[in-house]
(Lines give C-alpha, C1' and ligand atoms only; values in the text may rest on other atoms or scores of the structure.)
Protein backbone atom coordinates (compact mmCIF):
# COMPACT_ATOMS: atom_id res chain seq x y z
CA UNK A 1 0.00 0.00 0.00
CA UNK A 2 2.79 2.39 0.87
CA UNK A 3 4.58 1.47 -2.37
CA UNK A 4 1.39 2.27 -4.32
CA UNK A 5 1.01 5.66 -2.66
CA UNK A 6 4.64 6.47 -3.36
CA UNK A 7 4.21 5.52 -7.02
CA UNK A 8 0.99 7.52 -7.42
CA UNK A 9 2.57 10.60 -5.86
CA UNK A 10 5.61 10.46 -8.14
CA UNK A 11 4.12 12.36 -11.17
CA UNK A 12 2.88 15.13 -8.86
CA UNK A 13 6.29 15.43 -7.22
CA UNK A 14 7.97 15.58 -10.64
CA UNK A 15 5.54 18.30 -11.75
CA UNK A 16 6.17 20.37 -8.63
CA UNK A 17 9.92 20.00 -8.97
CA UNK A 18 9.81 20.95 -12.69
CA UNK A 19 7.76 24.08 -11.99
CA UNK A 20 10.08 25.04 -9.15
CA UNK A 21 13.12 24.65 -11.38
CA UNK A 22 12.00 27.39 -13.80
CA UNK A 23 10.65 30.88 -13.32
CA UNK A 24 7.58 32.09 -15.20
CA UNK A 25 9.63 33.99 -17.85
CA UNK A 26 11.73 30.87 -18.40
CA UNK A 27 8.64 28.70 -18.71
CA UNK A 28 7.18 31.16 -21.20
CA UNK A 29 10.39 31.18 -23.26
CA UNK A 30 10.59 27.37 -23.36
CA UNK A 31 6.90 27.06 -24.23
CA UNK A 32 7.17 29.55 -27.09
CA UNK A 33 10.17 27.71 -28.56
CA UNK A 34 8.48 24.32 -28.28
CA UNK A 35 5.22 25.73 -29.64
CA UNK A 36 6.96 27.13 -32.73
CA UNK A 37 8.71 23.80 -33.30
CA UNK A 38 5.51 21.79 -32.93
CA UNK A 39 3.50 24.21 -35.08
CA UNK A 40 5.96 23.88 -37.97
CA UNK A 41 6.72 20.16 -37.77
CA UNK A 42 3.49 18.78 -36.35
CA UNK A 43 5.41 16.83 -33.68
CA UNK A 44 3.96 17.70 -30.27
CA UNK A 45 5.85 15.16 -28.16
CA UNK A 46 8.38 17.55 -26.61
CA UNK A 47 5.79 20.25 -26.02
CA UNK A 48 3.36 17.83 -24.40
CA UNK A 49 6.12 16.32 -22.24
CA UNK A 50 7.23 19.72 -20.94
CA UNK A 51 3.71 20.95 -20.20
CA UNK A 52 2.84 17.74 -18.37
CA UNK A 53 5.65 18.46 -15.89
CA UNK A 54 4.20 21.85 -14.88
CA UNK A 55 1.94 22.34 -11.89
CA UNK A 56 -1.56 23.82 -12.05
CA UNK A 57 -0.31 27.34 -11.35
CA UNK A 58 2.10 27.28 -14.29
CA UNK A 59 -0.47 25.64 -16.55
CA UNK A 60 -2.65 28.73 -16.27
CA UNK A 61 -0.07 30.86 -18.10
CA UNK A 62 -1.11 32.08 -21.55
CA UNK A 63 1.86 30.46 -23.30
CA UNK A 64 0.97 27.11 -21.72
CA UNK A 65 -2.71 27.47 -22.66
CA UNK A 66 -1.63 28.14 -26.23
CA UNK A 67 0.41 24.93 -26.08
CA UNK A 68 -2.63 23.03 -24.82
CA UNK A 69 -4.61 24.36 -27.80
CA UNK A 70 -2.01 23.10 -30.26
CA UNK A 71 -1.87 19.69 -28.59
CA UNK A 72 -5.67 19.42 -28.71
CA UNK A 73 -5.63 20.33 -32.40
CA UNK A 74 -3.15 17.62 -33.41
CA UNK A 75 -4.96 15.08 -31.24
CA UNK A 76 -8.22 16.17 -32.91
CA UNK A 77 -9.84 16.89 -29.57
CA UNK A 78 -12.11 19.51 -31.11
CA UNK A 79 -14.48 20.05 -28.17
CA UNK A 80 -11.63 20.72 -25.76
CA UNK A 81 -9.96 23.08 -28.26
CA UNK A 82 -13.14 25.10 -28.85
CA UNK A 83 -13.89 25.33 -25.12
CA UNK A 84 -10.33 26.41 -24.36
CA UNK A 85 -10.36 29.22 -26.95
CA UNK A 86 -13.84 30.35 -25.97
CA UNK A 87 -13.20 30.50 -22.21
CA UNK A 88 -9.86 32.37 -22.13
CA UNK A 89 -8.72 35.82 -23.17
CA UNK A 90 -5.50 35.85 -25.19
CA UNK A 91 -3.24 38.75 -26.07
CA UNK A 92 -3.39 40.33 -29.53
CA UNK A 93 -0.03 38.85 -30.49
CA UNK A 94 -1.49 35.34 -30.26
CA UNK A 95 -4.73 36.07 -32.11
CA UNK A 96 -3.54 35.18 -35.59
CA UNK A 97 -2.10 31.75 -34.78
CA UNK A 98 -5.09 30.82 -32.60
CA UNK A 99 -7.52 31.99 -35.28
CA UNK A 100 -5.67 29.72 -37.68
CA UNK A 101 -6.11 26.78 -35.30
CA UNK A 102 -9.79 27.63 -34.89
CA UNK A 103 -10.47 27.64 -38.64
CA UNK A 104 -8.33 24.60 -39.43
CA UNK A 105 -10.04 22.64 -36.68
CA UNK A 106 -13.50 23.43 -38.07
CA UNK A 107 -12.37 22.66 -41.62
CA UNK A 108 -10.82 19.32 -40.64
CA UNK A 109 -13.82 18.33 -38.55
CA UNK A 110 -16.18 19.11 -41.45
CA UNK A 111 -14.01 17.20 -43.92
CA UNK A 112 -14.07 14.10 -41.72
CA UNK A 113 -17.84 14.39 -41.38
CA UNK A 114 -18.46 14.89 -45.10
CA UNK A 115 -15.63 12.52 -46.09
CA UNK A 116 -14.47 14.83 -48.85
CA UNK A 117 -12.32 17.90 -49.35
CA UNK A 118 -14.03 21.21 -48.73
CA UNK A 119 -14.46 23.82 -51.43
CA UNK A 120 -14.33 27.58 -51.13
CA UNK A 121 -18.09 27.88 -50.63
CA UNK A 122 -18.13 25.30 -47.82
CA UNK A 123 -15.25 27.03 -46.05
CA UNK A 124 -17.02 30.37 -46.35
CA UNK A 125 -20.17 28.92 -44.78
CA UNK A 126 -18.13 27.42 -41.95
CA UNK A 127 -16.49 30.76 -41.22
CA UNK A 128 -19.85 32.51 -41.15
CA UNK A 129 -21.37 29.83 -38.95
CA UNK A 130 -18.43 29.72 -36.52
CA UNK A 131 -17.04 33.22 -35.95
CA UNK A 132 -13.95 33.71 -33.83
CA UNK A 133 -14.49 33.79 -30.06
CA UNK A 134 -13.98 37.18 -28.38
CA UNK A 135 -10.85 35.87 -26.66
CA UNK A 136 -8.94 35.57 -29.94
CA UNK A 137 -10.60 38.34 -31.96
CA UNK A 138 -10.88 42.10 -31.61
CA UNK A 139 -14.27 42.14 -33.36
CA UNK A 140 -13.02 43.97 -36.46
CA UNK A 141 -14.08 42.49 -39.79
CA UNK A 142 -11.33 41.44 -42.19
CA UNK A 143 -11.90 41.58 -45.95
CA UNK A 144 -9.24 40.14 -48.28
CA UNK A 145 -6.66 40.30 -45.45
CA UNK A 146 -7.38 44.03 -44.95
CA UNK A 147 -9.00 45.24 -41.77
CA UNK A 148 -11.52 48.06 -41.87
CA UNK A 149 -9.15 50.52 -40.16
CA UNK A 150 -6.34 49.68 -42.56
CA UNK A 151 -8.61 50.13 -45.57
CA UNK A 152 -9.83 53.48 -44.22
CA UNK A 153 -6.25 54.72 -43.77
CA UNK A 154 -5.37 53.69 -47.33
CA UNK A 155 -8.40 55.51 -48.73
CA UNK A 156 -7.55 58.70 -46.85
CA UNK A 157 -3.98 58.53 -48.16
CA UNK A 158 -5.25 57.88 -51.69
CA UNK A 159 -7.37 61.02 -51.61
CA UNK A 160 -4.24 63.04 -50.89
CA UNK A 161 -1.94 61.28 -53.35
CA UNK A 162 -2.72 58.54 -55.85
CA UNK A 163 0.99 57.96 -56.55
CA UNK A 164 2.74 57.77 -53.16
CA UNK A 165 6.51 57.59 -52.92
CA UNK A 166 8.41 54.60 -51.55
CA UNK A 167 8.83 56.33 -48.20
CA UNK A 168 5.10 57.08 -48.02
CA UNK A 169 4.33 53.42 -48.73
CA UNK A 170 6.63 52.34 -45.90
CA UNK A 171 4.91 54.70 -43.48
CA UNK A 172 1.49 53.44 -44.57
CA UNK A 173 2.65 49.84 -44.18
CA UNK A 174 3.68 50.50 -40.59
CA UNK A 175 0.50 52.41 -39.88
CA UNK A 176 -1.84 49.77 -41.34
CA UNK A 177 0.19 46.71 -40.23
CA UNK A 178 0.55 45.62 -43.85
CA UNK A 179 3.54 44.96 -46.06
CA UNK A 180 4.89 47.44 -48.59
CA UNK A 181 3.88 45.06 -51.39
CA UNK A 182 0.29 44.96 -50.13
CA UNK A 183 0.16 48.75 -49.98
CA UNK A 184 1.62 49.09 -53.49
CA UNK A 185 -0.83 46.57 -54.93
CA UNK A 186 -3.77 48.29 -53.23
CA UNK A 187 -2.85 51.67 -54.76
CA UNK A 188 -2.30 50.09 -58.18
CA UNK A 189 -5.67 48.32 -58.14
CA UNK A 190 -7.42 51.43 -56.83
CA UNK A 191 -5.98 53.56 -59.66
CA UNK A 192 -7.09 51.01 -62.25
CA UNK A 193 -10.63 50.92 -60.87
CA UNK A 194 -10.90 54.70 -60.75
CA UNK A 195 -9.45 55.06 -64.25
CA UNK A 196 -11.96 52.55 -65.60
CA UNK A 197 -14.78 54.43 -63.87
CA UNK A 198 -13.49 57.78 -65.14
CA UNK A 199 -12.67 59.13 -61.68
CA UNK A 200 -8.93 59.36 -62.31
CA UNK A 201 -7.65 61.44 -65.21
CA UNK A 202 -4.27 61.05 -66.87
CA UNK A 203 -2.72 63.81 -64.78
CA UNK A 204 -3.09 61.74 -61.61
CA UNK A 205 -5.94 63.82 -60.16
CA UNK A 206 -8.99 62.30 -58.53
CA UNK A 207 -12.49 63.52 -59.28
CA UNK A 208 -14.51 63.38 -56.09
CA UNK A 209 -17.31 65.26 -54.39
CA UNK A 210 -14.91 66.41 -51.68
CA UNK A 211 -12.89 68.44 -54.16
CA UNK A 212 -9.70 66.46 -53.71
CA UNK A 213 -7.04 67.65 -56.14
CA UNK A 214 -4.90 64.51 -56.09
CA UNK A 215 -1.17 64.96 -55.59
CA UNK A 216 1.50 67.20 -56.98
CA UNK A 217 3.70 64.34 -58.12
CA UNK A 218 3.53 63.41 -61.79
CA UNK A 219 2.12 60.08 -62.90
CA UNK A 220 4.32 57.49 -64.56
CA UNK A 221 5.57 58.23 -68.06
CA UNK A 222 3.39 55.49 -69.51
CA UNK A 223 0.27 57.36 -68.31
CA UNK A 224 1.29 60.86 -69.37
CA UNK A 225 -0.81 62.31 -72.21
CA UNK A 226 0.76 63.73 -75.37
CA UNK A 227 -0.43 67.16 -76.50
CA UNK A 228 -0.92 65.91 -80.08
CA UNK A 229 -2.96 62.91 -79.03
CA UNK A 230 -6.52 62.89 -80.35
CA UNK A 231 -9.17 61.13 -78.28
CA UNK A 232 -11.08 60.04 -81.40
CA UNK A 233 -8.64 57.29 -82.29
CA UNK A 234 -11.30 55.00 -83.72
CA UNK A 235 -12.37 57.58 -86.35
CA UNK A 236 -8.80 58.20 -87.44
CA UNK A 237 -8.10 54.47 -87.75
CA UNK A 238 -11.25 53.95 -89.84
CA UNK A 239 -10.27 56.83 -92.16
CA UNK A 240 -6.76 55.42 -92.59
CA UNK A 241 -8.14 51.96 -93.36
CA UNK A 242 -10.47 53.46 -96.00
CA UNK A 243 -7.57 55.30 -97.66
CA UNK A 244 -5.42 52.18 -97.68
CA UNK A 245 -8.30 50.20 -99.21
CA UNK A 246 -8.68 52.79 -101.98
CA UNK A 247 -4.95 52.75 -102.69
CA UNK A 248 -4.97 48.95 -102.90
CA UNK A 249 -7.91 49.03 -105.35
CA UNK A 250 -6.21 51.63 -107.56
CA UNK A 251 -2.97 49.66 -107.54
CA UNK A 252 -4.78 46.50 -108.60
CA UNK A 253 -6.57 48.34 -111.42
CA UNK A 254 -3.27 49.80 -112.60
CA UNK A 255 -1.66 46.37 -112.72
CA UNK A 256 -4.56 45.02 -114.78
CA UNK A 257 -4.27 47.95 -117.20
CA UNK A 258 -0.55 47.41 -117.53
CA UNK A 259 -1.12 43.76 -118.38
CA UNK A 260 -3.62 44.68 -121.11
CA UNK A 261 -1.41 47.39 -122.62
CA UNK A 262 2.22 46.48 -122.05
CA UNK A 263 4.96 48.92 -122.90
CA UNK A 264 6.78 48.39 -126.25
CA UNK A 265 10.07 48.85 -124.44
CA UNK A 266 9.42 46.09 -121.92
CA UNK A 267 11.85 43.21 -122.05
CA UNK A 268 10.85 39.67 -122.87
CA UNK A 269 11.11 38.48 -119.30
CA UNK A 270 9.00 41.36 -117.94
CA UNK A 271 6.11 40.83 -120.38
CA UNK A 272 3.59 38.17 -119.31
CA UNK A 273 3.37 35.11 -121.51
CA UNK A 274 0.31 35.29 -123.80
CA UNK A 275 -0.91 32.62 -126.23
CA UNK A 276 -2.71 35.15 -128.43
CA UNK A 277 -1.29 38.59 -129.21
CA UNK A 278 -3.49 41.44 -127.99
CA UNK A 279 -1.59 44.38 -129.46
CA UNK A 280 0.40 45.18 -132.54
CA UNK A 281 3.62 45.12 -130.61
CA UNK A 282 3.27 41.38 -130.04
CA UNK A 283 3.43 40.80 -133.85
CA UNK A 284 6.78 42.50 -134.29
CA UNK A 285 9.38 39.73 -134.67
CA UNK A 286 13.04 40.69 -134.80
CA UNK A 287 14.69 40.31 -138.20
CA UNK A 288 17.49 38.24 -136.79
CA UNK A 289 15.08 35.68 -135.44
CA UNK A 290 13.28 35.44 -138.87
CA UNK A 291 16.56 34.89 -140.64
CA UNK A 292 17.51 32.08 -138.31
CA UNK A 293 14.18 30.38 -138.93
CA UNK A 294 14.67 30.54 -142.72
CA UNK A 295 18.03 28.82 -142.37
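Data overview
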{"read-out": "Residues of the range 27-67 satisfying the condition of being out of contact with any helix residue (DSSP H, G or I) (no Cβ under 8 Å at 6 or more places or on another chain) and either closer than 19 Å to residue 136 by Cα or in a helix (DSSP H, G or I) (or both)", "value": "29, 33, 36, 40, 41, 45, 49, 60"}
{"read-out": "Breaking point among (1) modelled with pLDDT under 95; (2) touching a helix residue (DSSP H, G or I) at 6+ places or on another chain (Cβ under 9 Å); (3) over 30 Å from residue 21 (Cβ atoms), for residue 94", "value": "(3)"}
{"read-out": "Residues that are in contact (Cβ under 8 Å) with a residue 24 or more places away in the chain and not in a helix (DSSP H, G or I), drawn from the range 165-192", "value": "165, 177, 178"}
{"read-out": "Total residues in the range 43-69, condition touching a residue at least 24 places away in the same chain (Cβ under 8 Å) and within 35 Å of the chain's Cα centre (by Cα)", "value": "7"}
{"read-out": "Residue tally, condition surrounded by 14 or more Cβ atoms within 10 Å (Cβ to Cβ), outside any loop (DSSP other than H, G, I, E, B) and under 33 Å from the mean Cα position of the chain (by Cα), over the range 73-103", "value": "14"}
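The values are calculated or read from the model by the stated rules, or taken from the named source; none is laboratory data. Note that this is a predicted model, so its numbers are computed, not measured. So basically every Cβ, Gly included, is an ideal-geometry build from the backbone, and we count neighbours across all protein chains shown.
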